[in-house]
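Undergrad: Before I ask anything, let me first share the structure, which is written out below as structure tokens.
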Amino acid sequence: MATDASSLAICPESYRFLQEYVYRESGIVLDADKHYLLEARLAPIVHQMRLPSVNDLCALLRGASDGPLRQQVVDAMTTNETYFFRDPAQYDVLKSAVLPALIAERQDTRRLSFWSAASSSGQEAYSLAMLLLEMGVGDWNIRILGTDLSTRMLERAREGRFLQIEVNRGLPAQYLVKYFRRTGLEWQLKDEVRRMVRFESFDLRKSMSALGPFDIVFCRNVLIYFDVESKRRILRELQATLFKGGYLLLGGSETTLNLDDRFVRKIFGQTVFYQAP
């Protein structure tokens, strides 16, 4: 059944239901003015299921207990904006200061552990893996965990295949030549990079006690989607996953200020790292 833009419009009752549903399933807070975002994100599901409108999708969600439809909606509402070496200033600090100090400190154990929370399609975790290889620790015991709520993104991340437009965003040309091979219209990451990263499903609202300890946690451009109490709880859990002196990296518009006073702010040039006490 064909649908047009007007038929996708969400009625007030359905919008309130979706606000509650999305928050319950993902923790994402949708403000009262996000109608267009919901309509745009859910339109492909409406078309795929040949439903007359988003309101009809809401009716199905109200009565559905099956996982596939729920996961489709969660995947649709999860923001998956990412690219290689995003926030270059942070990677510059990692390369010039933080990782060299960490490598020197761990010469006896030759073990390093990292977490890319909300890893999306994997560019963040793979950027770190390539940086570590460039720094000469490829023969160390390196553990990089990438987690996300979207099963669709996790599948993509595990495959390690990227479109031309994706490798054009942030990836240095020499890394493309060294760590990828061309496969048709896509670029395939080589095994030496892929085997450094493990991707798993994880909801940041859950207990993190079984994770870690980590030397560095990337949780960038994630907290902005949660309410204040959820942010505080997540920061508290993240701090507990870090080694003493380990670092938390947040997005440029995010901070621990007024949320968690246990982290120590470390300023490196134009960027801030948050150190666990």
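The values are calculated or read from the model by the stated rules, or taken from the named source; none is laboratory data. Please read all numbers here as calculations on a predicted model, not as lab measurements. Virtual Cβ from ideal backbone geometry, glycine too; neighbours counted across all protein chains shown. Calculation scope for accessible area: heavy atoms of the full protein, side chains included, ligands and nucleic acids excluded. Shrake-Rupley method; radii C 1.70, N 1.55, O 1.52, S 1.80 Å.
Undergrad: Val29 versus (1) more than 24 Å from Phe202 (Cβ to Cβ); (2) open to solvent by 30 Å² or more (accessible area, probe 1.4 Å); (3) aliphatic (A, V, I, L, M): which is the lone unmet condition?
TA: Tallying (1) more than 24 Å from Phe202 (Cβ to Cβ); (2) open to solvent by 30 Å² or more (accessible area, probe 1.4 Å); (3) aliphatic (A, V, I, L, M), Val29 fails exactly one: (1).
Undergrad: Among the residues of the range 188-204, what is the count of those that are over 16 Å from the mean Cα position of the chain (by Cα) and not in a loop (DSSP other than H, G, I, E, B)?
TA: Matching residues across the range 188-204 total 6.
Undergrad: I've got another one for you. Condition first: among the β-branched types (Val, Ile, Thr) and surrounded by fewer than 17 Cβ atoms within 10 Å (Cβ to Cβ). Now tell me which residues in the range 157-173 satisfy that.
TA: Of the range 157-173, the ones among the β-branched types (Val, Ile, Thr) are 165, 167.
Hit for the range 157-173 is Ile165, nothing else.
Undergrad: May I pose another question? Would a scan of the range 38-60 turn up a residue that is among the basic types (Lys, Arg), at pLDDT below 90 and surrounded by 14 or more Cβ atoms within 10 Å (Cβ to Cβ)?
TA: Scanning the range 38-60, I find at least one residue that is among the basic types (Lys, Arg), at pLDDT below 90 and surrounded by 14 or more Cβ atoms within 10 Å (Cβ to Cβ), so the answer is yes.
Undergrad: Looking at the range 111-130 only, could you name the residues that are of a type in the set (A, V, I, L, M, F, W, C) and open to solvent by 10 Å² or more (accessible area, probe 1.4 Å)?
TA: The initial filter retains those residues of the range 111-130 that are of a type in the set (A, V, I, L, M, F, W, C), namely 112, 114-115, 117-118, 125, 128-130.
The one that is of a type in the set (A, V, I, L, M, F, W, C) and open to solvent by 10 Å² or more (accessible area, probe 1.4 Å): Ala118.
Undergrad: Another question, then. What about Leu30, is it out of contact with any Gly (no Cβ under 6 Å at 6 or more places or on another chain) and modelled with pLDDT of 85 or more?
TA: Working: out of contact with any Gly (no Cβ under 6 Å at 6 or more places or on another chain): yes; modelled with pLDDT of 85 or more: no.
When the stated conditions are applied, Leu30 does not pass them.
Undergrad: Pick from Leu133, Leu102, Leu154: which is open to solvent by 10 Å² or more (accessible area, probe 1.4 Å), more than 24 Å from Lys244 (Cβ to Cβ) and not charged (D, E, K, R)? Before the answer, list the steps.
TA: On the way: Leu102 fails: more than 24 Å from Lys244 (Cβ to Cβ); Leu154 fails: open to solvent by 10 Å² or more (accessible area, probe 1.4 Å).
After applying the criteria, what remains is Leu133.
Undergrad: Here's something else I'd like to know. If I ask for residues that are in contact with a strand residue (DSSP E or B) (Cβ under 8 Å, 6 or more places away or on another chain) and in a loop (DSSP other than H, G, I, E, B), which ones from the range 219-238 would you list?
TA: Once the filter is applied, which keeps residues that are in contact with a strand residue (DSSP E or B) (Cβ under 8 Å, 6 or more places away or on another chain) and in a loop (DSSP other than H, G, I, E, B), the range 219-238 yields Cys219, Arg220.
Undergrad: Restricting to the range 227-265, and then to whatever is of a type in the set (Ser, Thr, Tyr) and in contact (Cβ under 8 Å) with a residue 60 or more places away in the chain, can you tell me which residue is farthest from Tyr91 (Cα to Cα)? Quick ask: steps written out before the conclusion?
TA: Here is the first cut: in the range 227-265, the ones of a type in the set (Ser, Thr, Tyr) are 230, 241, 247, 253, 255-256.
Now drop any that are not in contact (Cβ under 8 Å) with a residue 60 or more places away in the chain, which leaves 230, 241, 247.
Values: Ser230: 27, Thr241: 21, Tyr247: 13 Å.
By that ranking, first place goes to Ser230.
Undergrad: If you scan the range 136-151, which residues turn out to be open to solvent by less than 10 Å² (accessible area, probe 1.4 Å) and β-branched (Val, Ile, Thr)?
TA: Val137, Ile144, Thr147
Undergrad: I've got another one for you. Has the range 61-74 got any residue that is surrounded by 13 or more Cβ atoms within 10 Å (Cβ to Cβ) and over 22 Å from the mean Cα position of the chain (by Cα)?
TA: Yes, the range 61-74 contains at least one residue that is surrounded by 13 or more Cβ atoms within 10 Å (Cβ to Cβ) and over 22 Å from the mean Cα position of the chain (by Cα).
Undergrad: If Ser207 passes every condition in (1) under 22 Å from Val98 (Cβ atoms); (2) in a loop (DSSP other than H, G, I, E, B); (3) of a type outside the set (D, E, K, R); (4) modelled with pLDDT of 95 or more but one, which one does it miss?
TA: Going through the list (1) under 22 Å from Val98 (Cβ atoms); (2) in a loop (DSSP other than H, G, I, E, B); (3) of a type outside the set (D, E, K, R); (4) modelled with pLDDT of 95 or more, Ser207 breaks only (1).
Undergrad: Next question, about the same structure. Within the range 154-161, is even one residue over 16 Å from the mean Cα position of the chain (by Cα), at pLDDT 95 or above and under 12 Å from Phe84 (Cα atoms)?
TA: Among the residues of the range 154-161, not one is over 16 Å from the mean Cα position of the chain (by Cα), at pLDDT 95 or above and under 12 Å from Phe84 (Cα atoms), which makes the answer no.
Undergrad: Quickly run through the range 239-253 and pick out the residues that are surrounded by 20 or more Cβ atoms within 10 Å (Cβ to Cβ) and part of a loop (DSSP other than H, G, I, E, B).
TA: The answer is Leu250, and nothing else.
Undergrad: Continuing with the same structure: Cβ-Cβ distance below 7 Å, separation of 6 or more or different chains: which pairs start in the range 154-168 with a residue that is among the small types (Gly, Ala, Ser) and end on one that is open to solvent by 70 Å² or more (accessible area, probe 1.4 Å) and not in a loop (DSSP other than H, G, I, E, B)?
TA: Gly160/Arg194
Undergrad: Moving on to the next point. Output the residues belonging to the range 202-235 that are open to solvent by less than 20 Å² (accessible area, probe 1.4 Å), β-branched (Val, Ile, Thr) and either at positive phi or in contact with a Gly (Cβ under 8 Å, 6 or more places away or on another chain) (or both).
TA: Ile216, Val217, Val222
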